[in-house]
Amino acid sequence: MITIGYSTRTSNPEFQEYLKKSCGHPKVQVIEKVNNGEKNLSQVYNEIINESNYEIVVLCHDDIY
(Lines give C-alpha, C1' and ligand atoms only; values in the text may rest on other atoms or scores of the structure.)
Protein backbone atom coordinates (compact mmCIF):
# COMPACT_ATOMS: atom_id res chain seq x y z
CA MET A 1 0.00 0.00 0.00
CA ILE A 2 3.04 2.26 0.18
CA THR A 3 6.16 2.49 -1.96
CA ILE A 4 9.45 3.87 -0.68
CA GLY A 5 12.04 4.67 -3.32
CA TYR A 6 15.55 6.04 -3.31
CA SER A 7 18.62 6.44 -5.46
CA THR A 8 22.00 5.14 -4.33
CA ARG A 9 25.50 4.54 -5.66
CA THR A 10 25.77 1.01 -4.21
CA SER A 11 23.12 -1.54 -3.39
CA ASN A 12 22.33 -1.86 0.31
CA PRO A 13 19.95 -4.70 1.26
CA GLU A 14 20.27 -3.81 4.96
CA PHE A 15 18.90 -0.32 4.27
CA GLN A 16 15.99 -1.81 2.33
CA GLU A 17 15.12 -4.01 5.32
CA TYR A 18 15.46 -1.04 7.66
CA LEU A 19 12.94 0.92 5.59
CA LYS A 20 10.50 -1.99 5.57
CA LYS A 21 10.71 -2.48 9.32
CA SER A 22 10.64 1.19 10.32
CA CYS A 23 7.91 2.49 8.02
CA GLY A 24 5.13 1.22 10.28
CA HIS A 25 3.04 -0.36 7.54
CA PRO A 26 2.74 -4.09 6.80
CA LYS A 27 2.51 -3.71 3.01
CA VAL A 28 5.51 -1.78 1.74
CA GLN A 29 7.39 -1.92 -1.53
CA VAL A 30 10.97 -0.67 -1.52
CA ILE A 31 12.49 0.36 -4.84
CA GLU A 32 16.24 0.89 -4.84
CA LYS A 33 17.80 2.45 -7.93
CA VAL A 34 21.56 2.12 -8.25
CA ASN A 35 22.76 5.22 -10.09
CA ASN A 36 26.36 6.34 -10.47
CA GLY A 37 25.55 9.66 -12.05
CA GLU A 38 24.17 8.31 -15.32
CA LYS A 39 20.80 9.94 -14.60
CA ASN A 40 19.76 12.98 -12.61
CA LEU A 41 17.67 12.55 -9.49
CA SER A 42 14.45 13.65 -11.20
CA GLN A 43 14.84 10.92 -13.81
CA VAL A 44 15.42 8.27 -11.15
CA TYR A 45 12.46 9.44 -9.09
CA ASN A 46 10.20 9.33 -12.17
CA GLU A 47 11.32 5.73 -12.80
CA ILE A 48 10.42 4.84 -9.22
CA ILE A 49 6.99 6.44 -9.58
CA ASN A 50 6.37 4.54 -12.82
CA GLU A 51 7.43 1.20 -11.25
CA SER A 52 5.43 1.68 -8.07
CA ASN A 53 2.64 -0.78 -7.35
CA TYR A 54 0.89 1.59 -4.96
CA GLU A 55 -0.65 5.06 -5.01
CA ILE A 56 1.36 6.37 -2.06
CA VAL A 57 5.01 6.92 -2.97
CA VAL A 58 7.67 8.24 -0.60
CA LEU A 59 10.95 9.36 -2.18
CA CYS A 60 13.93 9.66 0.12
CA HIS A 61 17.71 9.70 0.26
CA ASP A 62 19.81 6.66 1.10
CA ASP A 63 21.38 8.25 4.18
CA ILE A 64 18.35 8.65 6.46
CA TYR A 65 17.89 6.72 9.69
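The values are calculated or read from the model by the stated rules, or taken from the named source; none is laboratory data. Every value quoted in this text rests on a predicted model; they were computed, and no experiment measured them. Every residue, glycine as well, gets a Cβ built from its backbone with ideal geometry; the counts of neighbours run over all protein chains shown. Ligands, DNA and RNA are stripped out before the accessible areas are found, and what is left, the full protein with its side chains, is counted by its heavy atoms. Shrake-Rupley method; radii C 1.70, N 1.55, O 1.52, S 1.80 Å.
Count the DSSP beta bridges whose two residues both fall in the chain, then state the antiparallel fraction as a percent rounded to the nearest 5.
Beta bridges within the chain, antiparallel portion: roughly 0 percent.
Using a probe of 1.4 angstrom, how much of the accessible area of the chain is carbon and sulfur, in percent?
Using a 1.4 Å probe with all protein chains present, the chain comes out at 49 percent carbon and sulfur.
Roughly how many Å² is the accessible area per residue of region 1-57, as a whole number, for a 1.4 Å probe?
66 Å²
Can you work out the Karplus-derived ³J(HN,Hα) for every residue in region 24-38? Use 6.51 cos²θ - 1.76 cosθ + 1.60 with θ = phi - 60°, whole Hz, and x for glycine or proline.
The phi angles translate into x, 10, x, 10, 9, 10, 10, 10, 9, 10, 7, 9, 9, x, 5 Hz.
Based on DSSP H runs of at least 4 residues, each adding -39500 (n - 2.57), what is the mean residue ellipticity at 222 nm of the chain after dividing by all its residues, to the nearest 500 deg cm²/dmol?
Calculated from helices alone, the mean residue ellipticity at 222 nm is -9500 deg cm²/dmol.
Against the longest alpha carbon principal axis of the chain, how many degrees, from 0 to 90 and to the nearest 10, is the axis of helix 41-51 turned?
That works out to roughly 50 degrees.
Only Lys, Arg, Asp and Glu count, each charged at its Cβ (+1, +1, -1, -1), so figure out the dipole size of the chain about its Cα centre, rounded to 20 debye.
Charge dipole of the chain: 100 debye, to the nearest 20.
Given that compact globular proteins tend to follow 2.2 N^0.38 Å, what is the ratio of the alpha-carbon Rg of the chain to that value?
This ratio for the chain stands at 1.04.
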